[in-house]
1. With a cut-off of at least 3 residues that are under 15 Å from His117 (Cβ atoms) and either under 19 Å from the mean Cα position of the chain (by Cα) or among the charged types (D, E, K, R) (or both), name the strands (runs of 3 or more DSSP E) lying wholly within the stretch 1-100.
2. Only residues that are more than 23 Å from Leu38 (Cα to Cα) and either β-branched (Val, Ile, Thr) or not in a helix (DSSP H, G or I) (or both): list them for the stretch 101-112, please.
3. Taking the stretch 1-53 on its own, how many of its residues are within 30 Å of His111 (Cα to Cα), touching a residue at least 24 places away in the same chain (Cβ under 8 Å) and crowded, with 16+ Cβ neighbours inside 10 Å?
4. With of a type outside the set (D, E, K, R), farther than 15 Å from Val67 by Cβ and in contact with a strand residue (DSSP E or B) (Cβ under 7 Å, 6 or more places away or on another chain) as the only criterion, which of His117, His111 stands out?
5. Among the residues of the stretch 25-40, is any of a type in the set (Phe, Trp, Tyr) and at pLDDT below 85?
6. Being surrounded by fewer than 10 Cβ atoms within 10 Å (Cβ to Cβ) and of a type in the set (D, E, K, R) is the filter here, so list the residues in the stretch 84-110 that pass it.
Amino acid sequence: MVDHLSREQTEAWLDDKVVQGIESETTDGAEFNLQLQLSRLPLHVVKEETWDPLRVVGECTFDTERVAALVEDDEDRQELLVRLSPVLATVPGFYTFLDEDGNPCEFPDVHSILLEHR
């Protein structure tokens, strides 16, 4: 049986030795959306409805010039996909490739990867 998890209870579970910051964001329709800072990676813990599961969402952006160049070249992009595939296959939850506008896309147009676990 699933119990209702409040924002306060969720925040109490977070380890302050790992989480550098917690901010509550306003999201249309969500019961709560906590933005966490882990190292240099922002994560969101989102609860849409009272009895919905918690969603942990992170986005990894290809923001370095070197990685951006790999994605531009067909051969290098294929090599990057070969190296990323085993990692993505073991990610709990699911992932989505996003373009520069944040829309789902195919790998050749990838700008970032959205990772989500429920």
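The values are calculated or read from the model by the stated rules, or taken from the named source; none is laboratory data. Computed from a predicted structure; not experimentally measured. In this analysis, Cβ positions are derived from the backbone assuming ideal geometry, glycine residues included, and neighbour counts consider all displayed protein chains.
1. Numbers: elements: 19-25, 32-38, 41-47, 55-61, 94-98.
In the stretch 1-100, 32-38, 41-47, 55-61, 94-98 are the strands (runs of 3 or more DSSP E) which contain 3 or more residues that are under 15 Å from His117 (Cβ atoms) and either under 19 Å from the mean Cα position of the chain (by Cα) or among the charged types (D, E, K, R) (or both).
2. As a first pass, look at the stretch 101-112 and keep what is more than 23 Å from Leu38 (Cα to Cα): 101, 103-110.
If the condition is that a residue be more than 23 Å from Leu38 (Cα to Cα) and either β-branched (Val, Ile, Thr) or not in a helix (DSSP H, G or I) (or both), then Asp101, Asn103, Pro104, Cys105, Glu106, Val110 are the ones that fit.
3. Selection size over the stretch 1-53: 5.
4. On the way: His111 fails: farther than 15 Å from Val67 by Cβ.
Only one candidate passes the filter, namely His117.
5. Filtering the stretch 25-40 for residues of a type in the set (Phe, Trp, Tyr) gives 32.
Adding the requirement that they be at pLDDT below 85 leaves none.
For the stretch 25-40, residues of a type in the set (Phe, Trp, Tyr) and at pLDDT below 85: absent.
6. Asp101, Glu106
The rows are residues; the columns are (1) closer than 24 Å to Lys47 by Cα; (2) at pLDDT 90 or above.
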position	(1), (2)
Glu79	no, no
Val87	no, no
Gly93	yes, no
Thr96	yes, yes
Asp99	no, no
Asn103	yes, yes
Pro108	no, no
Ser112	yes, no
Arg118	yes, no
